[in-house]
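Student: Quick one: the structure is below, and I'll ask about it shortly.
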Amino acid sequence: MTGDFRSDGQLAVEWVARYLESLRDLPVRAQVEPGEVRSRLPAAPPDRGEPFEAVLRDLDEVIVPGTTHWNHPRFFAYFAITGSEPGILAELLSAAFNVNAMLWRTGPAATELEELVCDWLADLLGLPEGLHGHIEDTASTSTLAALAAARTLRPDGIVVCYEHTHSSVDKAARILGMELRKVPVDGEFRMRADALEELLAAEEAAAVVATVGTTSTTSIDPVPAIAVLCERHGAWLHVDAAYAGSAMVCPELRGAIEGVERADSIVVNPHKWMFTPVDCSVLFTRRPEVLRDAFSLLPEYLRTGVEDVTNLMDYGPALGRRFRSLKLWTVIRCYGREGLQALIREHVRLARLFASWVEAEPGWEIAAPYPFSVVCFRHDGSDDENEALMERVNATGEAYLSHTKLGDRYVMRLAIGNARTTEADVAHAWALLREAAA
């Protein structure tokens, strides 16, 4: 049976506080085998309700050991993320409201706060005024929405991207039944504008997807040149800034988004590098009417008689919508512009510091430019040797890295983005790498 909410709530908050404080003592990557977690839990649900303390006990004994801790300060794989304390508390508040903000009438505060916080985010990132913003769960959904909008303008057009475009573009094209074409990259793993021009001259494109901060290398596409070509050929330009968009809170890093004011849509994920718990992806567009044409559908049971308001269901594929804006609003308020800038600048500094160690060490090399907080590198030797080296580091549980392939070479990635990561954490990872190589 359910217990007393206040006492159980105090236990839950205390558990979260202890968990966050103990992260450095936990193995970053889960040290379990497939099926092990499930085998330690009952196969059938209980007939009678259990006390909340029993849930917390199983968290400690089963769930924590079976978790890869993305909130760990030495989680350096993929794109490191942060569930910050303000964001965690805001998730509790959001769950308490438990609203479905599909229509303005079903969630006036959630709708208007979402509009406001998207305007705040655009201001923080130096994006042009007048963009329409709304929140989806992940960049995969935001990208799907953008390409669906582009398809309404040119139903038979192709989607153009390139090798290092995120796989969500491939998936969105598959879902939408759109053909996909990929153009080559240059020596810094960026889309080649000359190859794009050649393709656009030969085939009718509905959309071109450019990236500011690619997943493999965080490379920056030549957006101004791509925008010119899209305008000339009538293609929708979607800019994926899911990871690196948050870095634009620092004015000195805004050169990376030059030209995005000419994009038709831009996606930024605050849950990647703006310390907001998963999931929170913001899709900006300067053509919201096209998204409405793609998604607006109003059956009788959703009519409310309220006009001239924003119904957020009209801008994406989902009808049900969580109160995600509450956590982003809370994170921005509690950190402020200066706090966000300080964290991102520190992460960029740590990445450059790590790269300097790699560059100075014989037998190691940097494999790609590092404009933000991700460093691609490798050790002298074969791909199999580099893969085994990274696995030895990850198996220790003391750090967790991921990899990619550049020019058919296996390359390790160290991604910094957790608010709790310190220089000592980065130095520890470097020590583990050197030891594994030795």
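The values are calculated or read from the model by the stated rules, or taken from the named source; none is laboratory data. Keep in mind it's a predicted model, so treat the numbers as computed, not measured. Here the Cβ positions follow ideal geometry from the backbone for every residue, glycine too, while neighbour counts run over all protein chains shown. Accessible surface is based on the protein model in full, side chains and every heavy atom, while ligands, DNA and RNA are left aside. Shrake-Rupley method; radii C 1.70, N 1.55, O 1.52, S 1.80 Å.
Per-residue answers, yes or no, for (1) within 21 Å of Glu359 (Cβ to Cβ); (2) in a helix (DSSP H, G or I); (3) open to solvent by less than 10 Å² (accessible area, probe 1.4 Å):
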site	(1), (2), (3)
His403	yes, no, no
Leu414	yes, no, yes
Gly417	no, no, yes
Ala429	yes, yes, yes
Arg434	yes, yes, no
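Student: Sticking with this structure for a sec: Those residues that are among the aromatic types (Phe, Trp, Tyr) and open to solvent by less than 70 Å² (accessible area, probe 1.4 Å), I need them from segment 94-113; list them, please.
Tutor: Taking segment 94-113 and keeping what is among the aromatic types (Phe, Trp, Tyr), we get 97, 104.
If the condition is that a residue be among the aromatic types (Phe, Trp, Tyr) and open to solvent by less than 70 Å² (accessible area, probe 1.4 Å), then Trp104 is the only one that fits.
Student: Hey, which of the helices (runs of 4 or more DSSP H) in segment 142-247, taking only ones fully inside, have at least 3 residues that are closer than 24 Å to Asp314 by Cα and small (Gly, Ala, Ser)? I'd like the intermediate steps shown before the answer.
Tutor: Working: elements: 167-176, 193-202, 223-233.
In segment 142-247, 167-176 are the helices (runs of 4 or more DSSP H) which contain 3 or more residues that are closer than 24 Å to Asp314 by Cα and small (Gly, Ala, Ser).
Student: Somewhere in segment 120-136, is a residue under 24 Å from Val212 (Cα atoms), surrounded by fewer than 20 Cβ atoms within 10 Å (Cβ to Cβ) and within 17 Å of the chain's Cα centre (by Cα)?
Tutor: No, segment 120-136 contains no residue that is under 24 Å from Val212 (Cα atoms), surrounded by fewer than 20 Cβ atoms within 10 Å (Cβ to Cβ) and within 17 Å of the chain's Cα centre (by Cα).
Student: Moving on. Residues of segment 181-215 being open to solvent by 20 Å² or more (accessible area, probe 1.4 Å) and in contact (Cβ under 8 Å) with a residue 60 or more places away in the chain, which ones?
Tutor: Listed by number, the residues that qualify are Glu188, Phe189, Thr215.
Student: Within segment 287-322, which residues are over 22 Å from the mean Cα position of the chain (by Cα), of a type in the set (Phe, Trp, Tyr) and surrounded by 12 or more Cβ atoms within 10 Å (Cβ to Cβ)?
Tutor: Result: Phe295, single match.
Student: Turning to a different aspect of this structure: So, of the residues in segment 354-373 that are part of a helix (DSSP H, G or I) and open to solvent by less than 40 Å² (accessible area, probe 1.4 Å), which turns out to be farthest from Phe75 (Cα to Cα)?
Tutor: Selected residue: Val358.
Student: What is the residue count in segment 33-75 for residues that are touching a residue at least 60 places away in the same chain (Cβ under 8 Å) and touching a Phe, Trp or Tyr at 6+ places or on another chain (Cβ under 6 Å)?
Tutor: Counting residues in segment 33-75 that are touching a residue at least 60 places away in the same chain (Cβ under 8 Å) and touching a Phe, Trp or Tyr at 6+ places or on another chain (Cβ under 6 Å) gives 1.
Student: Scan segment 233-286 for residues that are surrounded by fewer than 24 Cβ atoms within 10 Å (Cβ to Cβ), over 21 Å from Leu116 (Cβ atoms) and under 10 Å from the mean Cα position of the chain (by Cα) and jot them down.
Tutor: Correct list: Val278 only.
Student: When Cys376 is evaluated against the numbered criteria (1) touching a residue at least 60 places away in the same chain (Cβ under 8 Å); (2) closer than 29 Å to Leu131 by Cβ; (3) open to solvent by less than 30 Å² (accessible area, probe 1.4 Å); (4) under 24 Å from the mean Cα position of the chain (by Cα), which criterion, by number, is the only one it fails?
Tutor: Result: Cys376 passes all but (2).
Student: Take Glu91 and tell me if it is assigned to a helix (DSSP H, G or I), over 16 Å from Gly245 (Cβ atoms), open to solvent by 30 Å² or more (accessible area, probe 1.4 Å) and in contact with a helix residue (DSSP H, G or I) (Cβ under 8 Å, 6 or more places away or on another chain).
Tutor: yes
Student: Also, quick follow-up: Scanning for something part of a loop (DSSP other than H, G, I, E, B) and within 28 Å of Pro277 (Cβ to Cβ), does segment 385-396 turn up at least one residue?
Tutor: Checked against the condition, which is being part of a loop (DSSP other than H, G, I, E, B) and within 28 Å of Pro277 (Cβ to Cβ), segment 385-396 yields at least one hit.
Student: Oh, and also: Got a number for residues in segment 81-100 being small (Gly, Ala, Ser) and touching a Pro at 6+ places or on another chain (Cβ under 9 Å)?
Tutor: Result for segment 81-100: 4.
Student: In addition: Among the helices (runs of 4 or more DSSP H) confined wholly to segment 1-88, which include 1 or more residues that are among the basic types (Lys, Arg), closer than 20 Å to Ala424 by Cα and open to solvent by less than 50 Å² (accessible area, probe 1.4 Å)?
Tutor: Once the helices (runs of 4 or more DSSP H) in segment 1-88 are filtered for at least 1 residues that are among the basic types (Lys, Arg), closer than 20 Å to Ala424 by Cα and open to solvent by less than 50 Å² (accessible area, probe 1.4 Å), nothing remains.
Student: What are the residues in segment 144-164 that are in contact with a helix residue (DSSP H, G or I) (Cβ under 6 Å, 6 or more places away or on another chain) and of a type in the set (Gly, Ala, Ser), if any?
Tutor: Ala148, Ala149
Student: With the structure loaded, tell me whether Arg262 is within 19 Å of Ile226 (Cβ to Cβ) and without any contact (Cβ under 8 Å) to a residue 40 or more places away in the chain or whether it fails that test.
Tutor: For Arg262, the condition - within 19 Å of Ile226 (Cβ to Cβ) and without any contact (Cβ under 8 Å) to a residue 40 or more places away in the chain - is met.
Student: Separate question: Among the listed residues Ser382, Ser356, Ser402, which satisfies the condition of being of a type in the set (S, T, N, Q), within 19 Å of Arg29 (Cβ to Cβ) and either touching a Phe, Trp or Tyr at 6+ places or on another chain (Cβ under 6 Å) or free of Cβ contacts under 8 Å to residues at least 40 places away in the same chain (or both)?
Tutor: Details: Ser382 fails: within 19 Å of Arg29 (Cβ to Cβ); Ser356 fails: within 19 Å of Arg29 (Cβ to Cβ).
After applying the criteria, what remains is Ser402.
Student: Which of the following residues is open to solvent by less than 10 Å² (accessible area, probe 1.4 Å) and farther than 22 Å from Ala242 by Cβ: Ala399, Ala351?
Tutor: Values: Ala351 fails: farther than 22 Å from Ala242 by Cβ.
Criteria check complete, one pass: Ala399.
Student: Another question, then. For the subset of segment 309-333 comprising residues that are touching a His at 6+ places or on another chain (Cβ under 8 Å) and part of a helix (DSSP H, G or I), which member is nearest to Leu92 (Cα to Cα)?
Tutor: Within segment 309-333, the match that is nearest to Leu92 (Cα to Cα) is Leu312.
Student: With respect to the numbered conditions (1) assigned to a helix (DSSP H, G or I); (2) open to solvent by less than 30 Å² (accessible area, probe 1.4 Å); (3) under 23 Å from His238 (Cβ atoms); (4) not basic (Lys, Arg), which one is the sole condition not fulfilled by Gly336?
Tutor: (3)
Student: Taking only segment 142-180 into account, find how many residues are surrounded by 20 or more Cβ atoms within 10 Å (Cβ to Cβ), among the hydroxyl-bearing types (Ser, Thr, Tyr) and within 22 Å of Arg286 (Cβ to Cβ).
Tutor: 4
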